Amino acid sequence: MVNRYNKLDVWLFGLMASLIAFGLLAIYSASNGVGAIDLFYKQLAWFGIGLIVMAVIYYTDYRKIMEYSYGLYVVGLFLLVLVLFFGTKVSGATSWVRVGFIGIQPSEIAKVTTVLALARYLSSDNTDITSLSDVLFALAIAVIPAGLVMLQPDMGTTLTYLSFIFPVMIMAGFNVYYLLLIMIPFLLTIVGFFNIYLLITLTIFVFAVLIFMRKGFHFSQLIVSLFGFAGGLFTFRFAADILQPHQMRRIQTFLDPMSDPQGAGYNALQAKIAIGSGGIFGKGFLEGTQTQLRFIPAQWTDFIFCVIGEEMGLIGSIILLSLFLALFLRILWLVSVIKNKFVELTLVGFVSLWLVHVMINVGMTIGLFPVIGVPLPFLSYGGSSLLGNMVMVALALNFFRNKRNLGY
């Protein structure tokens, strides 16, 4: 649906607004019963700021967005370095910088700038997708900010930085098989943090996948698989020395929540109780016992989906996830109709980023993933997160507005 007077993609804007409305209702409910209603008004204020920022981006010359991508990336890196020296520690991670009375999370801003820089580099005529040096440089664009976030340390946000590399590089034309050869050692090294049996199973699986893709055995497949397995063994053996104590407890309670039901496993158990108790239709707005009695601390942030599940039930949860799906499909449709490589790669990066956020956030509330502190896009309380997500939508709206100039 297009307004012929201002060329606004009403569908895309409406989907974003609907998700934010879900979030505001959930934050109001989660904070109302515990005397923290000011959080709702702060989020509402950030929404107002976000609309102003969106308007500026919407009317910005689309060519300037591409031109300034590298500069914005450098700014993002600077902020990530700044937070390591002057940041405020929250929940075990030094992720925030105070500017007066406002707290800013640079990692949320740098996500957007990293996607833009990666898309700019991969869309350049000078980038050779068959060159190993170009592949490694593209990987470095995403890995460098991810490494800075890891130093905070914030494992959940680090994983989200790595989430868009593979889809964007495939969209750019890189060979999937060679990308797998590069990524498998990193993947298996991360798996080593969780379980030795999972590591063994996944190593055998990826080795078989590599053989299947090349229709035969190659020595490089064995080297890559063994190298990844060795990395996984290292992290498995020294996980307690590498990870922070709270991160180790989260992994342990993910594998067995009842091992510490009143400690590290408490949130995960209470989250499943909240969602399960909502039933089909939910308990009703402001009627959730787990929500109103605050069985889950700070449930307006990473556990916001519990509020939806308990008070709006399965129906409300399905509607919410359907809105996310519609948002993703709308942007992918835009990818299919705009024949501009920079735009295609940028939007694929945004969708990949959102998809992984939703999968991890919802997954950890129902016990499919460990609790690693990843917000639910557009819903979780947090001005930096909300602003970053609205900026991504604003860029998509800008591209839609200029689609005929971009090769529609």
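We did not get these values from a lab; they are worked out from the coordinates using the rules stated. Just so it is clear, the structure is predicted and the values come from calculations on it, not from any experiment. Counting neighbours? That spans all protein chains shown, and the Cβs are built from the backbone with ideal geometry, glycine included.
Some values worked out for this structure:
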| read-out | value |
| --- | --- |
| Whichever lysines have a C-alpha closer than 26 Å to that of Lys272, once near sequence neighbours (fewer than 8 apart) are set aside | Lys283 |
| For peptides 79-88, 215-224, sequence by mean Cβ density within 10 Å, most packed first | 79-88, 215-224 |
| Anchor Lys42: aspartates and glutamates whose Cα lies under 19 Å away (excluding residues fewer than 8 positions away in-chain) | Glu108, Asp302 |
| Integer Hz, Karplus 6.51/-1.76/1.60 couplings in order for the stretch 37-42, x for Gly and Pro | 5, 4, 4, 4, 5, 5 |
| Packing-based order for 141-153, 328-340, 376-388, using average beta carbon neighbours within 10 Å, highest first | 376-388, 141-153, 328-340 |
| Percent RCO, i.e. relative contact order, over the stretch 137-211, from Cα pairs under 8 Å lying at least 6 residues apart | 19 percent |
| Of Pro167, Pro106, Pro375, the one that fluctuates the most in a GNM where the chain has Cα springs shorter than 10 Å | Pro167 |
| Neighbour net charge for Tyr70 - beta-carbon separation under 13 angstrom, K R +1, D E -1 | +1 |
| Neighbourhood net charge (10 Å Cβ-Cβ; Lys/Arg +1, Asp/Glu -1) for Leu334 | 0 |
| Relative contact order %, the stretch 10-401, counting alpha carbon pairs below 8 Å whose residues are six or more apart | 26 percent |
| Positive-end extreme of charge dipole, the chain - chosen from Met16, Leu395, Gly382 (charges on Cβ) | Leu395 |
| Cα convex hull volume per residue for the stretch 10-401 (Å³) | 147 Å³ |
| Filter on Lys64/Lys339; Lys215/Lys341; Lys111/Lys339 - keep pairs with C-alpha separation over 26 Å | Lys215/Lys341 |
| Rounded to whole Hz, the Karplus (6.51, -1.76, 1.60) HN-Hα couplings of the stretch 68-83, x for glycine and proline | 8, 4, 5, x, 5, 4, 4, 4, x, 5, 4, 5, 5, 6, 4, 5 |
| FRET E, pair Ile102, Ile200, Förster distance 60 Å, beta-carbon r, rounded to 0.05 | 0.80 |
| Euclidean distance of C-alpha centroids, the stretch 345-408 and the stretch 292-327, integer Å | 17 Å |
| Under the Karplus curve 6.51 cos²θ - 1.76 cosθ + 1.60, θ = phi - 60°, whole-Hz ³J(HN,Hα) for the stretch 151-161, x wherever Gly or Pro sits | 6, 5, x, 9, 5, x, 5, 4, 5, 5, 5 |
| For the chain, with +1 on Lys and Arg beta carbons and -1 on Asp and Glu, the positive-most of Phe219, Asn361, Gly48 along the dipole | Gly48 |
